[in-house]
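Take a look at the structure set out below.
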Amino acid sequence: MVIDLVWSKEERTEILGLYKDLRVADVRDGMDWNMLHHYGSVSQEIRPLFRTKAVGIAKTSRYVPYDEPVPKMSPEEYTEWVAWYYQNISYNPGNKKIEEGDFVVIDQSGVDVGIQGSNNSLEMFSKGARGFITNGGVRDTDELILNQVPFWSKMISQKMNQGRIRFEANDVPVNIGGVVVSPGDIVVADGDGAIVVPHKYAFDVAKYAHQELEADKKGRKSIYIKLGWELDHTVK
């Protein structure tokens, strides 16, 4: 896998630990401190399904629009055709190779289709995926929210894959919200959206992101004390 050329198992653990407490805003600051002012912030049109946070290492996939006509057939024939489609056209073998700490990054060419839904997302989440992000749609969102599966998408879609989209490649650079995401990059996402840190800058960005986080905690903690508020995890 390409991702193994980026991080060793020990490095994966280390880098995930460095980023686990950082907010998107902190990472944005860390990027700025490394002169990456105009890179990393995913378009604001890609938003979370619910207020949550996720940090992971990018595992990328690319899909493109399906450009063949759907043949005319009976519902019974269509059932068979759909099974064929999922096995041969939209099947993604990478979904079976999820590692603990992966952030699933899906470039689906902006197509209004729910490649990910409650079933396959929950299965990948159970294998260690930390979060999901796509420049297209996601479906079964009530269940995803109920199960607290962290998901950022451009749209909510009702549509299935067949006749709309086909799998193209895994572990390749993709474009998500105007940001090139390569396998092994760090993805941090929360209520402020998502940001991508190129793997070669990951440690330097984390250093200055923590600098700004600690300064923010210190300042807000003093205000909490003045107000007589009980200290919570955001200021400790």
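The values are calculated or read from the model by the stated rules, or taken from the named source; none is laboratory data. Note that the structure is a prediction, hence the values are computed from the model and not measured. Here the Cβ positions follow ideal geometry from the backbone for every residue, glycine too, while neighbour counts run over all protein chains shown. Just so you know, the surface numbers come from the protein's heavy atoms only, side chains and all, with ligands and any DNA or RNA stripped out. Shrake-Rupley method; radii C 1.70, N 1.55, O 1.52, S 1.80 Å.
Quick notes
- Restricting attention to segment 48-65, the residues that are over 17 Å from GLN116 (Cα atoms) and part of a loop (DSSP other than H, G, I, E, B) total 3.
- Test: residue in segment 76-96 that is open to solvent by less than 90 Å² (accessible area, probe 1.4 Å) and closer than 22 Å to LEU16 by Cα: yes
- Residue in segment 53-75 that is surrounded by the fewest Cβ atoms within 10 Å (Cβ to Cβ), counting only those that are in contact (Cβ under 8 Å) with a residue 12 or more places away in the chain, in contact with a helix residue (DSSP H, G or I) (Cβ under 9 Å, 6 or more places away or on another chain) and not basic (Lys, Arg): VAL70
- Residue-level analysis places ILE133 outside the set of residues that are closer than 27 Å to ALA83 by Cβ, in a strand (DSSP E or B), in contact with a strand residue (DSSP E or B) (Cβ under 9 Å, 6 or more places away or on another chain) and not aromatic (Phe, Trp, Tyr).
- Yes/no for LYS236 being in a loop (DSSP other than H, G, I, E, B) and touching a helix residue (DSSP H, G or I) at 6+ places or on another chain (Cβ under 8 Å): yes
- Residues of segment 162-197 that turn out to be open to solvent by 30 Å² or more (accessible area, probe 1.4 Å), in a strand (DSSP E or B) and of a type in the set (Asp, Glu), as a count: 1
- Residues in segment 145-156 that are hydrophobic (A, V, I, L, M, F, W, C), surrounded by fewer than 19 Cβ atoms within 10 Å (Cβ to Cβ) and farther than 25 Å from VAL70 by Cβ: ILE145, LEU146.
- Exactly one residue among GLU168, GLU143 is within 17 Å of PHE50 (Cα to Cα), touching a residue at least 24 places away in the same chain (Cβ under 8 Å) and more than 17 Å from the chain's Cα centre (by Cα), and that residue is GLU143.
- Among the residues of segment 101-144, the ones that are open to solvent by 10 Å² or more (accessible area, probe 1.4 Å) and in contact with a Ser or Thr (Cβ under 9 Å, 6 or more places away or on another chain) come to 11 in all.
- Annotation note: of LYS159, LYS207, LYS200, LYS221, the sole residue that is surrounded by fewer than 20 Cβ atoms within 10 Å (Cβ to Cβ), within 30 Å of THR79 (Cβ to Cβ) and either over 14 Å from the mean Cα position of the chain (by Cα) or modelled with pLDDT under 95 (or both) is LYS159.
- Check on ALA58, under 18 Å from the mean Cα position of the chain (by Cα), modelled with pLDDT of 95 or more and under 23 Å from ASP171 (Cβ atoms): yes
- Counting the residues of segment 95-127 that are assigned to a helix (DSSP H, G or I) and within 15 Å of the chain's Cα centre (by Cα) gives 6.
- Boolean, ALA202 is under 13 Å from ALA25 (Cα atoms) and either in contact with a helix residue (DSSP H, G or I) (Cβ under 9 Å, 6 or more places away or on another chain) or acidic (Asp, Glu) (or both): no
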